[in-house]
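K.L.:
Input: one structure, supplied below.
The values are calculated or read from the model by the stated rules, or taken from the named source; none is laboratory data. Bear in mind that the values here come from a model prediction, so they are computed numbers and not experimental data. Note: ideal-geometry Cβ built from the backbone for every residue, glycine included; neighbour counts use all protein chains shown. With ligands, DNA and RNA removed, areas are computed over all heavy atoms of the protein, side chains included. Shrake-Rupley method; radii C 1.70, N 1.55, O 1.52, S 1.80 Å.
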Amino acid sequence: MTAPSTPLPWFPAAEAPGGRPARARAGGGLDRLVLDPAAVSLAGPRGQDQDAGYAGPGLLVVADGVGGNRGGATAARLAVAEVTRRAAAARADGTEAGPDAGLAGALAAADAAVRAAAADPALAGMATTCTAAVLARDGRVVVAHVGDSRALLLRAGVLTRLTTDHSLVQALVASGDLTPEEAAVSPMRSVLLRALGGSADPGPADLIAVAAEPGDRLLLCSDGLSGVVPAGTLQRVLGAERRPAAAAARLVMAALAAGTRDDVTVVVADVAPAGWSGSPGEVLVGSAADIPDD
Ligand code: CA
């Protein structure tokens, strides 16, 4: 394998992913990489975890539900279940090779599933964020994203954020009406402009693609982590822990130490050579680990 690189070869959805076949080689030589993942979710003081997460050898998902009653937990669980199902189908039928790795359709299907289930008056208005990452057979990591959960990449010790929050405060920062420091403590910081389900149109998911390199470490998280733990701490912890599970556990502890009052979901995955024996297989956490009750 080649040495760690040059600047991060990522490109916004407008340019690619399809245009530049990351590093596809004849014979699919990069069907040699796999995710070595870990996931942890911890309910906040409310007691019911309204986050959900999935981590597997080719897919990572985090969803952060909102809605009273069982709504938030249900929306997050449905989104993770639908995206997981669609991503498996995309891998099986070859649509994973497309520009979006099949994820645009997966998030749209998750949105439809949440909206259909919200016909139940007890679940009316429920919504969820959804951030998903696929390690495709051609060596790309493709991220699809709606809401304010986040995907980040640690490469050569440097943490880069891949996603942009679809939140009111992010829009106000972009327009110059809030500073990032003001946004971090704003009482409006949980207001989402885009989500799956709910009243707002989710629009097409943001798509980001990166050419994966062995040694890359991915972090997907809900705002229960990223809302309270600074990026510098995330980078330090991710760089210090050898195993993904240890990094995930330490990040949850950092969120607790920072006084989070929210559910915290952390998915950490290393890009590793296929056959890497450290992989625990598939993990479902948060409300995704609950037996469906509806
Ligand atoms: Ca949250």
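K.L.:
Where in segment 177-259 are there helices (runs of 4 or more DSSP H), lying wholly inside it, with at least 2 residues that are without any contact (Cβ under 8 Å) to a residue 60 or more places away in the chain?
P.N.:
Fully inside segment 177-259 and qualifying: 180-185, 231-240, 244-257.
K.L.:
Consider residue 39 carefully, then state whether it is in contact with a Gly (Cβ under 9 Å, 6 or more places away or on another chain), assigned to a helix (DSSP H, G or I), open to solvent by less than 60 Å² (accessible area, probe 1.4 Å) and closer than 23 Å to residue 248 by Cβ. Step through it out loud before you land on a result.
P.N.:
Working: in contact with a Gly (Cβ under 9 Å, 6 or more places away or on another chain): yes; assigned to a helix (DSSP H, G or I): no; open to solvent by less than 60 Å² (accessible area, probe 1.4 Å): yes; closer than 23 Å to residue 248 by Cβ: yes.
So residue 39 does not fit the description; no.
K.L.:
What is the residue count in segment 207-232 for residues that are within 23 Å of residue 166 (Cα to Cα) and more than 14 Å from the ligand (Cβ to nearest atom)?
P.N.:
The qualifying residues number 9.
K.L.:
Looking only at residues that are open to solvent by 30 Å² or more (accessible area, probe 1.4 Å) and within 17 Å of residue 290 (Cα to Cα) in segment 46-65, which one is nearest to the ligand (Cβ to nearest atom)?
P.N.:
Taking segment 46-65 first, the residues open to solvent by 30 Å² or more (accessible area, probe 1.4 Å) are 46-48, 57.
Pick out the ones that are also within 17 Å of residue 290 (Cα to Cα) and you get 46-48.
Working: 46: 11, 47: 14, 48: 12 Å.
Per the criteria, the residue is 46.
K.L.:
Next up: Only one of 219, 192 is crowded, with 21+ Cβ neighbours inside 10 Å, touching a Leu at 6+ places or on another chain (Cβ under 6 Å) and more than 19 Å from residue 100 (Cα to Cα); which?
P.N.:
So the residue among 219, 192 that is crowded, with 21+ Cβ neighbours inside 10 Å, touching a Leu at 6+ places or on another chain (Cβ under 6 Å) and more than 19 Å from residue 100 (Cα to Cα) is 219.
K.L.:
Residues in segment 152-167: is at least one under 22 Å from residue 289 (Cβ atoms), open to solvent by less than 30 Å² (accessible area, probe 1.4 Å) and of a type in the set (A, V, I, L, M, F, W, C)?
P.N.:
Checked against the condition, which is being under 22 Å from residue 289 (Cβ atoms), open to solvent by less than 30 Å² (accessible area, probe 1.4 Å) and of a type in the set (A, V, I, L, M, F, W, C), segment 152-167 yields no hits at all.
K.L.:
Please enumerate the residues belonging to segment 131-173 that are within 16 Å of the ligand (Cβ to nearest atom) and farther than 20 Å from residue 79 by Cβ.
P.N.:
Selection gives 168, 169, 170.
K.L.:
Looking at 122, 108, 132, which is the one that is open to solvent by 50 Å² or more (accessible area, probe 1.4 Å) and touching a residue at least 24 places away in the same chain (Cβ under 8 Å)?
P.N.:
108
K.L.:
Within segment 66-81, how many residues turn out to be at pLDDT below 95 and away from the ligand (no atom under 15 Å from the Cβ)?
P.N.:
2
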